[in-house]
Amino acid sequence: MHLLYSIFVDPFMQMGHAPDLLVQTLWDGLVSGVLYALIALGFVLIFKASGVFNFAQGIMVVFAALTLVGLNEHGVPAYVALALTVVVMLVLAVAVERAILRPLVNQPEIILFMATFGLTYVLIGLGELIFGGDPKVMISGELGLPSGSYRINMLGGYVQLQKIDIAAAIIASLMVAGLGIVFNRTRIGRALRAVADSHRAALSVGISLEQIWVVVWFAAGVVALATGIMWGARSNVSFALEIIALKALPVLILGGFTSIPGAIVGGLIIGVGEKMGEFYWGPLVGGGIESWFAYVIALVFLLFRPQGLFGERIIERL
Amino acid sequence: MFYREVGQYKTSYAADQALLPILQDRIGIAVILLIAFVAVPLTASNFALDSVLIPILVLSLAATGLNLLTGYTGLLSLGTGGFMGVGAFACYKLTTFFPNVNIIFLILCSGFFAAAIGTVFGLPSLRIKGFYLAVATLAAQFFLSWCFIRIPWLYNYNISASIEVPTKTMFGLAVTGPTASSVTRYLIVLSIVAALVLMAANLMRGRIGRTWMAVRDMDLAAELIGIRLYQTKLLAFAVSSFYCGVAGAMMVFLWLGNAESESFNINQSFLILFMVIIGGLGSLLGSFLGAALIWGLPIVLRHAPDYLGLHIRSATVDQSTFVILGVLIIFFLIVEPHGLARLWQIGKQKLRVWPFPY
């Protein structure tokens, strides 16, 4: 009885008593949700266009951020370093297409999945060899990102909003809008959607798969760079960031592997759910439940919609 | 020439269905077992046993377990590390509750605990498939890792939050704990692995293995010919987790000697999955080849600069090992996507037709 009370009644009483805390928790959840959504976006872009479950997305985030900071440390001005990092991501995209995707075309999905593991190892090793394994401070000031926070007096308490988080949300929305325009309005975007629908049909009307793959991996690289800057500005740039890639996986199964809106909505749901769960229900079992609570949320959704929230309906035939 | 089955007539169903129908295979297996059981313990150094052979055997068993699930039943799982952990912690608790029971019996028993947990986490497998299922099994991995840290009962409220293996004896010989000799532990690991892999091989050529493979090839069609999908998939999860659990218990009791929750984290799961895929999905031989390659390669890479007389900082060596390992994984996948086991098949064909190419 006491247990049921502490699960179903107590947390909601707490929410009612301290609405400012509730708003703060919701905000924190939304902010981390935006970052999860950005990583999931990188996954979805690649999965849609090439059918590759890109495990290396997380390390691409780290690699992009490290390159940016590392270049700046060697005396390159911040904006030049940013442009150079974009070039590095383009080189990476071309290299991945040449070295991994092209030789492995038409292989089962699991083989490509494994290959991105190999890519992860290569990027970890290269990143440490070139830039060293120590955590670095993101150059958010040089890039013109705001710091500090607003304190808003509301609901009988204070809610603290970090300026960098607001900037992250705005940049993320701009990126999603930009991707949406590219996907729907441009020639290359139409080609991308065609490839996502059917590789063979796209090939038969003369779309170059190789070119599309490079474009998609490059787009994912740019998304990774943006994620790396945002996440790096909140904490440091280190290889521990790779863990966030795993955080994006429940977002994927929640939103569906092939849906960009799914990645965004899923990211927000997971972010909010995770923070709420940790804050209100975590103490019941000793805390630290963030590592798996997101998966539980995603699994519950999956039981009702096996294809995820926005995924394409799975039709199986013999 | 060397591998001809010409003239080996099978005159009964039993002979046709035998585990090793060809004479050369029987001789080969006998030779390998002879070397493993007699020659290796007599000649190998403690280093070779402790850091090469025992780990490879233990990891092979875990890879076999995952192979039963992923390679034979087609269910991708990323929870292997967690299931190994369940086996290890279950074995540790069993030794505290039943200090006088034979340790090998307890190691095998702990597999059943892992099987039970594995079945529970296999429950979503009917609704969801493919990568969705893989991510769902990650839930198992993270939840179990969390349990290993947050439930102090599991490690007997030890302050270091790790399990220390007690010394157990059998026939007056120390089997586990710091005083046990490498050779003893090697022989026990080898016996358990050999017995369990023999069981797996038999499982695979019988009814259960065939239903698993039918489910892997196309689960809808399998359902139509009367295979109960749910039971079959759950059984695969249970058996696979049993193998992983035994491997986890052996890892702690017969190889490492102590363990923390860190030993069973997500990287362990990925490592085992590597072994299965590099070795060959759906091949018991592949599990061994994959384990040997993935475990052996870093050791070779780490010692290579010394042999070559190069002096490189150890950090640089570690980082280069990562890069080389990654490149090799991609290379192997490109050259032979069906795994090392396929190389052995090609080699057999070459031996069969030698010296003529056709």
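The values are calculated or read from the model by the stated rules, or taken from the named source; none is laboratory data. All values reported here derive from a predicted model rather than from experimental measurement. Quick reminder, even Gly has a Cβ in these numbers, built from the backbone with ideal geometry, and neighbours come from all protein chains shown.
Structural remarks
- Selection within the range A:195-208 - of a type outside the set (D, E) and at pLDDT below 85: A:V195, A:A196, A:S198, A:H199, A:R200
- Members of the range B:314-349 found to be away from chain A (no Cβ under 11 Å) and either of a type outside the set (S, T, Y) or closer than 17 Å to B:F270 by Cα (or both), listed by number: B:L340, B:A341, B:R342, B:L343, B:W344, B:Q345, B:I346, B:G347, B:K348, B:Q349
- Qualifying residue in the range B:269-282 (condition: over 26 Å from B:Q345 (Cβ atoms), within 12 Å of another protein chain (Cβ to nearest Cβ), part of a helix (DSSP H, G or I) and out of contact with any Ser or Thr (no Cβ under 6 Å at 6 or more places or on another chain)): yes
- A:G133 being small (G, A, S) and either more than 11 Å from chain B (Cβ to nearest Cβ) or under 20 Å from the mean Cα position of the chain (by Cα) (or both): no
- Any hit, the range A:85-93, residues being assigned to a helix (DSSP H, G or I), away from every other protein chain (no Cβ under 11 Å), farther than 26 Å from A:Q211 by Cβ and over 18 Å from the mean Cα position of the chain (by Cα): no
- Among the criteria (1) within 13 Å of another protein chain (Cβ to nearest Cβ); (2) over 15 Å from the mean Cα position of the chain (by Cα); (3) in a loop (DSSP other than H, G, I, E, B), the one A:F310 does not fulfil is (1).
- Some residue of the range B:93-115 being touching a Leu at 6+ places or on another chain (Cβ under 8 Å), closer than 21 Å to B:V189 by Cα and not in a helix (DSSP H, G or I): yes
- Contact map, the range B:102-114: residues that are without any contact (Cβ under 8 Å) to a residue 12 or more places away in the chain paired with residues that are assigned to a helix (DSSP H, G or I), Cβ distance under 9 Å, separation 6+ or inter-chain. No pairs are found.
- Residues satisfying the stated conditions in the range A:161-189, i.e. of a type outside the set (A, V, I, L, M, F, W, C) and either loosely packed, with under 13 Cβ neighbours inside 10 Å or touching an Asp or Glu at 6+ places or on another chain (Cβ under 7 Å) (or both): A:S173, A:G178, A:N184, A:R185, A:T186, A:R187
- Residue within the range B:57-69 that is on the phi > 0 side of the Ramachandran plot and not hydroxyl-bearing (S, T, Y) present: no
- Candidates B:T11, B:T43: the one that is surrounded by fewer than 10 Cβ atoms within 10 Å (Cβ to Cβ), modelled with pLDDT of 85 or more and under 23 Å from B:I299 (Cα atoms) is B:T43.
- The residues of the range B:140-151 that are at the interface with another protein chain (Cβ under 9 Å from one of its Cβ atoms), without any contact (Cβ under 8 Å) to a residue 60 or more places away in the chain and either assigned to a helix (DSSP H, G or I) or buried (at least 18 other Cβ atoms within 10 Å of the Cβ) (or both), listed by number, are B:W146, B:R150.
- Checked against the criterion of being crowded, with 17+ Cβ neighbours inside 10 Å, touching a Cys at 6+ places or on another chain (Cβ under 9 Å) and in a helix (DSSP H, G or I), the candidates B:L187, B:L234, B:L154, B:L196 yield just one match: B:L154.
- Yes/no for A:A78 being among the small types (G, A, S), more than 14 Å from chain B (Cβ to nearest Cβ) and either farther than 19 Å from B:G339 by Cα or in contact with a His (Cβ under 9 Å, 6 or more places away or on another chain) (or both): yes
- If you go through the range A:251-281 and pick out every residue that is without any contact (Cβ under 8 Å) to a residue 24 or more places away in the chain and among the hydrophobic types (A, V, I, L, M, F, W, C), you end up with 0.
- Long-range neighbours under 9 Å by Cβ, at least six apart or interchain, first residue of a type in the set (S, T, N, Q) within the range A:184-196, second surrounded by fewer than 16 Cβ atoms within 10 Å (Cβ to Cβ) and assigned to a helix (DSSP H, G or I): A:N184/A:R190; A:N184/A:R193
- Single residue of the range A:38-53 satisfying the filter (part of a helix (DSSP H, G or I) and aromatic (F, W, Y)) that is surrounded by the most Cβ atoms within 10 Å (Cβ to Cβ): A:F43
- B:G122 vs. criteria away from chain A (no Cβ under 14 Å), within 30 Å of B:Q231 (Cα to Cα) and crowded, with 18+ Cβ neighbours inside 10 Å: no
- Given (1) within 11 Å of chain A (Cβ to nearest Cβ); (2) in a helix (DSSP H, G or I), index of the condition B:G248 fails: (1)
- Among the candidates A:S32, A:S6, the residue that is under 30 Å from A:F218 (Cα atoms), among the polar types (S, T, N, Q) and assigned to a helix (DSSP H, G or I) is uniquely A:S32.
- Residues being more than 7 Å from chain B (Cβ to nearest Cβ), among the charged types (D, E, K, R) and touching a residue at least 24 places away in the same chain (Cβ under 8 Å) - total across the range A:94-130: 3
- Sole residue being in contact with a Cys (Cβ under 8 Å, 6 or more places away or on another chain), more than 17 Å from B:M170 (Cβ to Cβ) and among the small types (G, A, S), chosen from B:G87, B:G81: B:G87
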